[in-house]
Structures are given as structure tokens and as C-alpha cells.
Amino acid sequence: MIKRMVIMLLATGAVFGGLYWFQNFKSGIIKQVMASMSNPPQTVSTAIAARTDWQDELDAVGTLKAANGADLALEVSGIVKNISFKSGDTVTAGQTLLQLAAEEDVAKLASLQATLDNYVITLQRDKAQQLIKAVSQATVDSDTANVRNAQALVDQQKAVVAQKTLTAPFGGRLGIRSVDLGQYLTAGTTVVTLQSLDPLYVDVYLPQQALSQLKVGQEVNTSVDVYPGRVFKGEISAINPKVDTTTRNVLVRATIQNSDGALLPGMFSRVAIAVGSLQQLVTLPQTSIVYNPYGDSVFIVGDKSKSDQPQDVVRQVFVKTGSVRGDNVAVVDGVQPGDSVVIAGQIKLRNGTPVKVDNSHVPPAQDAPAITDQ
């Protein structure tokens, strides 16, 4: 009987002990699950901070202009007799482009030239006669005046005839022809535009604070959206000696080489002017910086802080940033070369947040990013 009671007591103790152990085990599991649910690892993308050559730049937008450009027109009216160019032709200075009907003017010129020739012959004959005292000095003087008057009339008529011919005032590329053969043109009607494409000017407005960093001959890099990734080099050729009183900006003109004619006047361009000396600075993608009114910061992924912490954790560090170049920004203080810095996924982060790094879809940061169609 006593043996049976002992066995029952032992069995009852085992049951209650098992229940107690199971309850504690279940509570531990629940606590771990709740802990993991309350602070789950956040997926982030990172970049390694590194020192790179850094050149400060003044960035601005500008407009391309031709070194020489004009809408060509005639001074006089008339009927178009001959067109000697095609739209888009490249021409040289002095090349004939268009002629108006000028038969009447040419005939009048021939008549005046004949009168001049006759006066010249008369003057030569009278000068010979004067040597033998056959004519007076007054006659010779009258003949000389007649020659000069006739020459002036001939020159005037030559100018009238020349006004019926349109020539290229400088070399360049022609635009689209806007007149046709046989058309009556009034004085001042635009025939075609002519643009000299090499070199080109790019005009930019910069704040007056930049004047101390600018000088003639300074290197300039220009880019346009139509040629992604291509940089056109040039240099500052002139700085306006007057600051605009409304905007407090100064006009700066740079000369850009355009030997292949890729750039056209009127294009919108981005201009970068190198200033200061070349430096070695830590650089990061701009997306890594968390901008706040109380200071800019980044999240750095550290080593596992505890042996029981299965994920890496982040720490927030305040930084001092410098100038921006494309997708990148210079970090003057706060980040060391080799630091793994979060560049995407910072929204849910705080000090000590566990993270999971995934860099499988991180686009490269570029100093001169280009817009491409996908």
C-alpha cells in the first residue's frame, strides 16, 4: 500500500514538473518571438566610404550661342532669279547665295561705264594738247572733274547691282531656305539663317559671390541632354564687368570647341566650372545623407555587438558635408574610409536597429549622371 502511494506521488510530481517546465519553455519561446517581432531586422543597401580625388565646381545652366550668327536678307526688293545654295549647306565667307533680277541695273551700269570711258579718253587727249599749248588748263580741269563725276556714278551703280546679290558674310552652316525661285522679295525679308558653329559660346549667370573664384582662361566643362555622358571642354573667354542689379548675378561667357558641329546655338546646357585645388575627400552617394534641421547624419553598419545578436546593427553618426557632384557628395567629417554606410532603407532605422544588407539592386553613383530611356 505504501509502495503504491509513493509511486502515485512520484507520478504526480513528474506530471506537475513536466507542466511547469513546458510552461516556462512556452513562455521563453513566446518572449523570443515577441522580441523578434518587435525589432525585426530591416533590409538596407550599403556603400563603402572611400577617398577619391575631389574638385570643387560651380554648377550652372547656360545657353549656347553662335560666335557669328545672322538671318540673311537683302537691302532691296526684286524677283529671285537664281538660288545658289541648298538648305543645310556649309558655306565660306563671300560665297554667293542668291541673286535678284538686275538686267536694268546692269544695263545702266554699262551706259555709265561707257560715259566714263569717253571722259577718260577726252582727258588724255586734252592733256596731250596742253603740252603744245593747244588747250587751256581750264579745259583739262573740266575734263578731270567730268571723269571723277562719271567714276562716282559708275561706283554708285555697281553698289546698286551688288545689292541684288546675297553673299555669305562669314563661313558657317545655312539653315532652311525660306524663299523660292521667281518669288518677289521685299527689302529685309529673311532668306536663310547662317550660323558659325565652331567655336560656340555658352552664356551662364553666376551669383556675385562667385566672382572671386572666376578668371578668364579657367576650364569649363559643358554637357547637353542630347549627348548623355559626353563632355564638351572650353574655357572662360569673358566676364561681364557689370552685375545685374535685379538678380545680383554676373554674366559669364565661355568658348566651347565644336569641331564636329554636334552642338547647335540655342541649346540648353549644363556648365561646370572647376574652382579651387584638387583634394582627397571621403565621398558617398547623396542618398546616404539624412538631412535634418538639427544636423545631417548617416547610418553606419557596425559589427555584431553581442554574441547573441544574429544580425548587424547600425549606429547613427552626424556628418559635415561639402559640395555635391552628380550623385555623390563630399563628407568632410564624421565618416572614415572603409565604413559601410546605409544608402537606402534609412526610414525605419535608429541606433541599434538590426539590419540585413541587400546590395543586389543598387544603381552605381555617378559624378555626371545621364538620363537614359529604359
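The values are calculated or read from the model by the stated rules, or taken from the named source; none is laboratory data. Keep in mind that what you see is a predicted model, and the values were worked out from it rather than measured. Every residue, glycine as well, gets a Cβ built from its backbone with ideal geometry; the counts of neighbours run over all protein chains shown.
General remarks:
- Inter-residue pairs, beta-carbon under 6 Å, first aliphatic (A, V, I, L, M) and in region 141-163, second outside any helix (DSSP H, G or I), 6+ apart: Val161/Ala102
- Restricting region 340-356 to residues that are in contact (Cβ under 8 Å) with a residue 40 or more places away in the chain and of a type in the set (Lys, Arg), the residue that is farthest from Arg51 (Cα to Cα) is Lys348.
- Leu153 being surrounded by 14 or more Cβ atoms within 10 Å (Cβ to Cβ), at pLDDT 90 or above and in a helix (DSSP H, G or I): yes
- Some residue of region 55-69 being over 33 Å from the mean Cα position of the chain (by Cα) and surrounded by 13 or more Cβ atoms within 10 Å (Cβ to Cβ): no
- Within region 164-183, the residues that satisfy the criterion of being within 42 Å of the chain's Cα centre (by Cα) and surrounded by fewer than 17 Cβ atoms within 10 Å (Cβ to Cβ) are Thr165, Thr167, Pro169, Phe170, Gly171, Ile176, Ser178, Asp180, Leu181, Gln183.
- Residue under evaluation Ser269, criteria (1) closer than 19 Å to Gln55 by Cβ; (2) in the same structural domain as Gln213 (by TED's automatic domain parsing); (3) polar (S, T, N, Q), criterion not met: (1)
- Selection count, region 348-362, where residues are among the hydrophobic types (A, V, I, L, M, F, W, C) and closer than 10 Å to Val301 by Cα: 2
Residues checked against (1) modelled with pLDDT under 85; (2) under 60 Å from the mean Cα position of the chain (by Cα); (3) farther than 30 Å from Lys164 by Cα; (4) loosely packed, with under 13 Cβ neighbours inside 10 Å:
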| position | (1), (2), (3), (4) |
| --- | --- |
| Ala107 | no, yes, no, yes |
| Thr115 | no, no, no, no |
| Val120 | no, no, no, no |
| Ala128 | yes, no, yes, yes |
| Ser136 | yes, no, yes, yes |
| Ala145 | no, no, no, yes |
